[in-house]
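Notes follow the structure.
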Amino acid sequence: MEKSYPHKKPQNVLVILVSTFVFFAFTALNDSDKYSSLTDEGFYSIDTTYTDSKLSGKEIYMQACANCHGTDGKGGSVKQLGLQTPPADFTDCDFASREPDGDWIAVAHQGGPTRGFSTEMPAFGEALSVEELQRVMNYVRTFCTNDNWPRGELNLPRALVTEKAYPEDEAVFSSFIDVENEGAVTNEIVYEQRFGIRNQIEIVFPFGYSQMPGGDWSGGHMGDLAVGVKRVVYHNYESGTIFSLTGEVILPTGDTATGFGKGTTVLEPFASFGQLLPAGGFIHVQTGLEYPMLKDKAEDEAFWRAALGKSFNPNPWGRTWSPMVEMLGSKELESGTEVHWDIVPQMQVTLNKRQHIMLNVGYRIPVDDAGRDSQFMVYILWDWFDGGFFEGW
Ligand code: HEC
């Protein structure tokens, strides 16, 4: 039987959602005048108290960096330099393209240990200003000669639900905990691996626990395993835009009796879009369809999701905080069914110095129908390309 909640009309809900978005967008854009260009924006507040030399990025690189990193950017020999750690090879696009300028400027300004790297990478903050280091980075970027690789600046903080466009080498462990009615805990291990220049494969392994009407818990139920392939179809560093397409197959491996499986294979194609906004702001949009193979098990469904957020660093060289708000919509395609809306305020924070282990905590609030459960949501993300889980703390 349909319950009705006359005080929660979908129109009112839309007004709330849209105003929250507008408010967020406004606060993100409001301090945009502090920043002059895309590369300065966002991840670090810029310190320009040093008097700048007139040397070009290349000239500074040749004087300050080429000794160790090589005039060709490949990195000198550990033996000849008497170092323990090989200096980074800037010609390796697979490595270089995914590191945003902000992280590299932090390493060059504060020295290797600021991001959990070796002390053999010296700090240049006394000698070179952030502005000069930016010029050096612009030169360092010329060592990777293939623009096909999407730049790390387009790798926006991951939201709890909305899938991002950037291809990743990462593992994410999420828990979604129902906090009303009968309890349920759904966990998800997502493994993502890049291949080629613009592609990524992903595997999603869900499992969970649920509470019986009597109060007892039953556990270890497996959910529907999903396998997907993502491809970046467009990316543009100058405009801060990235767009990709993903095809996913969800297999009926889950336990249907406990609600952890749909009992049918589901095809899920979707598109994801990411856009940098001024002053560390960003937006993700994901939209797609779910086509169950067996129509008596599940309905065709359309979904659209968006996350709006902003990154900031209270300490310019420290942790990155990214508050976000997600808006989730879905509708079964059969005519007459209602659109479901959820809103998920959340906060992502980098946990370690290398910033490759992250935590995100949020709360999913159903807005169109107070009868559905609210959920506490959390994930731990490990960007494994950047090092082991226990490295860089
Ligand atoms: C004394 C040698 C030395 C000099 C001089 C030097 N570096 Fe390095 N650099 C290193 C070493 C060694 C590493 C590798 C550190 C590690 O992997 O733990 C490194 C790593 C880096 C990294 C990579 C961080 C990452 O994400 O992996 C950047 C960026 C960098 N250096 C920039 C510079 C810049 C810019 C200059 C000049 C202003 C410079 N370095 C000068 C030795 C040096």
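Across the stretch 179-201, which residue is least open to solvent (accessible area, probe 1.4 Å) among those that are in contact (Cβ under 8 Å) with a residue 24 or more places away in the chain and part of a loop (DSSP other than H, G, I, E, B)?
Keep residues of the stretch 179-201 that are in contact (Cβ under 8 Å) with a residue 24 or more places away in the chain, which gives 179-186, 188, 192-194, 197-201.
Retained after the next criterion (residues that are part of a loop (DSSP other than H, G, I, E, B)): 179-183, 197-198.
Numbers: 179: 73, 180: 70, 181: 124, 182: 92, 183: 9, 197: 50, 198: 43 Å².
Checked the stretch 179-201; the qualifying residue least open to solvent (accessible area, probe 1.4 Å) is 183.
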Item to complete: Test each condition in (1) outside any helix (DSSP H, G or I); (2) within 11 Å of the ligand (Cβ to nearest atom); (3) closer than 23 Å to residue 313 by Cα for residue 107 and report the one that comes out false.
Response: (1)
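Every residue, every condition in (1) in contact with a strand residue (DSSP E or B) (Cβ under 9 Å, 6 or more places away or on another chain); (2) under 28 Å from residue 100 (Cβ atoms); (3) of a type in the set (S, T, N, Q); (4) in a strand (DSSP E or B), yes or no:
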position: 203; (1), (2), (3), (4): yes, yes, no, yes
position: 207; (1), (2), (3), (4): yes, no, no, yes
position: 213; (1), (2), (3), (4): no, no, no, no
position: 219; (1), (2), (3), (4): yes, no, no, yes
position: 230; (1), (2), (3), (4): yes, yes, no, yes
position: 233; (1), (2), (3), (4): yes, yes, no, yes
position: 244; (1), (2), (3), (4): yes, yes, yes, yes
position: 248; (1), (2), (3), (4): yes, yes, no, yes
Practice prompt. Restrict the check to the stretch 47-68 and report whether at least one residue is among the charged types (D, E, K, R), modelled with pLDDT under 70 and more than 10 Å from the ligand (Cβ to nearest atom).
Written response: yes
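From the residues in the stretch 113-140 that are touching an Asp or Glu at 6+ places or on another chain (Cβ under 8 Å) and surrounded by fewer than 18 Cβ atoms within 10 Å (Cβ to Cβ), which one is nearest to residue 356 (Cα to Cα)? Give the derivation first.
Looking only at the stretch 113-140, we keep the residues that are touching an Asp or Glu at 6+ places or on another chain (Cβ under 8 Å), and these are 115-116, 129-132, 134, 137.
After this cut, where a residue has to be surrounded by fewer than 18 Cβ atoms within 10 Å (Cβ to Cβ) as well, the list is 116, 131.
Numbers: 116: 10, 131: 25 Å.
Among residues in the stretch 113-140 that are touching an Asp or Glu at 6+ places or on another chain (Cβ under 8 Å) and surrounded by fewer than 18 Cβ atoms within 10 Å (Cβ to Cβ), the one nearest to residue 356 (Cα to Cα) is 116.
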Discussion item. Of all residues being open to solvent by 20 Å² or more (accessible area, probe 1.4 Å) and either basic (Lys, Arg) or under 13 Å from the mean Cα position of the chain (by Cα) (or both) in the stretch 283-311, which is nearest to residue 334 (Cα to Cα)? Just the residue, please.
Written reply: 295
Discussion item. For the stretch 141-169: of the residues being of a type in the set (Val, Ile, Thr) and under 26 Å from residue 246 (Cβ atoms), which is surrounded by the fewest Cβ atoms within 10 Å (Cβ to Cβ)?
Written reply: 161
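Filter the stretch 80-97 for residues that are open to solvent by less than 30 Å² (accessible area, probe 1.4 Å) and more than 9 Å from the ligand (Cβ to nearest atom) and give the result. Give the derivation first.
So in the stretch 80-97, the residues open to solvent by less than 30 Å² (accessible area, probe 1.4 Å) come out as 87, 90, 93, 96-97.
Passing the criteria: 93, 97.
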Item to complete: Would you be able to say whether some residue in the stretch 155-165 is assigned to a helix (DSSP H, G or I) and within 21 Å of residue 88 (Cβ to Cβ)?
Response: no
Discussion item. Taking the conditions exactly as written (open to solvent by less than 30 Å² (accessible area, probe 1.4 Å), free of Cβ contacts under 8 Å to residues at least 24 places away in the same chain and closer than 25 Å to residue 304 by Cβ), does residue 172 satisfy them or not?
Written reply: no
Discussion item. Cβ contacts < 6 Å: first residue in contact (Cβ under 8 Å) with a residue 40 or more places away in the chain and among the small types (Gly, Ala, Ser), restricted to the stretch 113-125; second residue assigned to a loop (DSSP other than H, G, I, E, B) and open to solvent by less than 30 Å² (accessible area, probe 1.4 Å), any location; separation 6+ or different chain. Result?
Written reply: 116/354; 116/392
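The values are calculated or read from the model by the stated rules, or taken from the named source; none is laboratory data. Since the structure is predicted, the reported quantities are computational estimates derived from the model, not experimental observations. For neighbour counting, all protein chains shown are included, and Cβ atoms are generated from backbone atoms with ideal geometry for every residue, glycine included. Heads up: the accessible areas ignore ligands, DNA and RNA and are worked out on the full protein's heavy atoms, side chains in. Shrake-Rupley method; radii C 1.70, N 1.55, O 1.52, S 1.80 Å.
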